[in-house]
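J.: Here it is, the structure in full.
The values are calculated or read from the model by the stated rules, or taken from the named source; none is laboratory data. All figures in this text were calculated on a predicted structure; none of them were measured in a lab. All Cβ positions, even for glycine, are placed from backbone atoms using ideal geometry, and neighbour counts span all protein chains on display.
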Amino acid sequence: MHRESLFAAFVGLGLGAGLALLFAPESGRHLRGRIAHRARGQARRLKHQAEEIQESAANLVEQGKEQALKQRDGIVNAVEAGKRAYLKTV
(Lines give C-alpha, C1' and ligand atoms only; values in the text may rest on other atoms or scores of the structure.)
Protein backbone atom coordinates (compact mmCIF):
# COMPACT_ATOMS: atom_id res chain seq x y z
CA MET A 1 0.00 0.00 0.00
CA HIS A 2 2.84 2.39 0.80
CA ARG A 3 4.41 1.89 -2.62
CA GLU A 4 1.12 2.62 -4.37
CA SER A 5 0.67 5.87 -2.42
CA LEU A 6 4.23 6.92 -3.19
CA PHE A 7 3.76 6.10 -6.86
CA ALA A 8 0.49 8.07 -6.96
CA ALA A 9 2.19 11.04 -5.30
CA PHE A 10 4.97 11.06 -7.89
CA VAL A 11 2.50 10.73 -10.76
CA GLY A 12 0.51 13.65 -9.35
CA LEU A 13 3.67 15.67 -8.91
CA GLY A 14 4.73 14.99 -12.49
CA LEU A 15 1.30 15.85 -13.89
CA GLY A 16 1.16 19.03 -11.84
CA ALA A 17 4.61 20.12 -12.98
CA GLY A 18 3.76 19.38 -16.61
CA LEU A 19 0.50 21.32 -16.44
CA ALA A 20 2.26 24.21 -14.74
CA LEU A 21 4.74 24.38 -17.62
CA LEU A 22 1.98 24.20 -20.20
CA PHE A 23 -0.12 26.91 -18.62
CA ALA A 24 2.62 29.18 -17.30
CA PRO A 25 1.69 32.70 -18.37
CA GLU A 26 5.27 33.94 -18.70
CA SER A 27 8.87 32.86 -18.71
CA GLY A 28 10.88 32.52 -15.53
CA ARG A 29 13.14 35.42 -16.47
CA HIS A 30 10.15 37.69 -17.04
CA LEU A 31 8.49 36.56 -13.82
CA ARG A 32 11.69 37.16 -11.82
CA GLY A 33 11.93 40.61 -13.39
CA ARG A 34 8.36 41.44 -12.38
CA ILE A 35 8.96 40.17 -8.86
CA ALA A 36 12.16 42.24 -8.59
CA HIS A 37 10.35 45.32 -9.92
CA ARG A 38 7.55 44.94 -7.38
CA ALA A 39 10.05 44.29 -4.59
CA ARG A 40 11.91 47.52 -5.46
CA GLY A 41 8.60 49.40 -5.45
CA GLN A 42 7.69 47.98 -2.05
CA ALA A 43 11.16 48.83 -0.73
CA ARG A 44 10.72 52.45 -1.87
CA ARG A 45 7.31 52.64 -0.21
CA LEU A 46 8.65 51.14 3.02
CA LYS A 47 11.57 53.57 3.03
CA HIS A 48 9.18 56.48 2.53
CA GLN A 49 6.93 55.25 5.34
CA ALA A 50 9.94 54.80 7.63
CA GLU A 51 11.00 58.38 6.92
CA GLU A 52 7.49 59.63 7.69
CA ILE A 53 7.42 57.64 10.93
CA GLN A 54 10.84 58.99 11.89
CA GLU A 55 9.66 62.54 11.24
CA SER A 56 6.48 61.98 13.25
CA ALA A 57 8.48 60.52 16.12
CA ALA A 58 10.82 63.51 16.10
CA ASN A 59 7.81 65.85 16.19
CA LEU A 60 6.30 63.92 19.08
CA VAL A 61 9.56 64.06 21.00
CA GLU A 62 9.74 67.82 20.45
CA GLN A 63 6.13 68.24 21.60
CA GLY A 64 6.91 66.13 24.66
CA LYS A 65 9.88 68.34 25.50
CA GLU A 66 7.74 71.45 25.15
CA GLN A 67 5.04 69.99 27.39
CA ALA A 68 7.62 68.95 29.98
CA LEU A 69 9.05 72.49 30.02
CA LYS A 70 5.55 73.96 30.43
CA GLN A 71 4.84 71.57 33.31
CA ARG A 72 8.16 72.44 34.92
CA ASP A 73 7.44 76.15 34.59
CA GLY A 74 4.00 75.64 36.13
CA ILE A 75 5.47 73.74 39.06
CA VAL A 76 8.20 76.36 39.58
CA ASN A 77 5.56 79.11 39.53
CA ALA A 78 3.38 77.23 42.00
CA VAL A 79 6.31 76.69 44.36
CA GLU A 80 7.26 80.36 44.14
CA ALA A 81 3.66 81.39 44.81
CA GLY A 82 3.60 79.07 47.81
CA LYS A 83 6.82 80.57 49.13
CA ARG A 84 5.43 84.10 48.74
CA ALA A 85 2.20 83.15 50.47
CA TYR A 86 4.14 81.56 53.32
CA LEU A 87 6.37 84.59 53.71
CA LYS A 88 3.33 86.88 53.89
CA THR A 89 1.95 84.88 56.78
CA VAL A 90 5.18 84.78 58.73
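J.: Quick one: which of ALA9, ALA20 is without any contact (Cβ under 8 Å) to a residue 24 or more places away in the chain, assigned to a helix (DSSP H, G or I) and either surrounded by fewer than 10 Cβ atoms within 10 Å (Cβ to Cβ) or touching a strand residue (DSSP E or B) at 6+ places or on another chain (Cβ under 8 Å) (or both)?
T.: Values: ALA9 fails: either surrounded by fewer than 10 Cβ atoms within 10 Å (Cβ to Cβ) or touching a strand residue (DSSP E or B) at 6+ places or on another chain (Cβ under 8 Å) (or both).
Exactly one residue qualifies, and that residue is ALA20.
J.: Another question about this same structure. Does ALA50 qualify as being out of contact with any Ser or Thr (no Cβ under 9 Å at 6 or more places or on another chain), of a type in the set (A, V, I, L, M, F, W, C) and at pLDDT 80 or above? Spell out how you get there, then give the answer.
T.: Numbers: out of contact with any Ser or Thr (no Cβ under 9 Å at 6 or more places or on another chain): yes; of a type in the set (A, V, I, L, M, F, W, C): yes; at pLDDT 80 or above: yes.
Judged against the criteria, ALA50 is a match.
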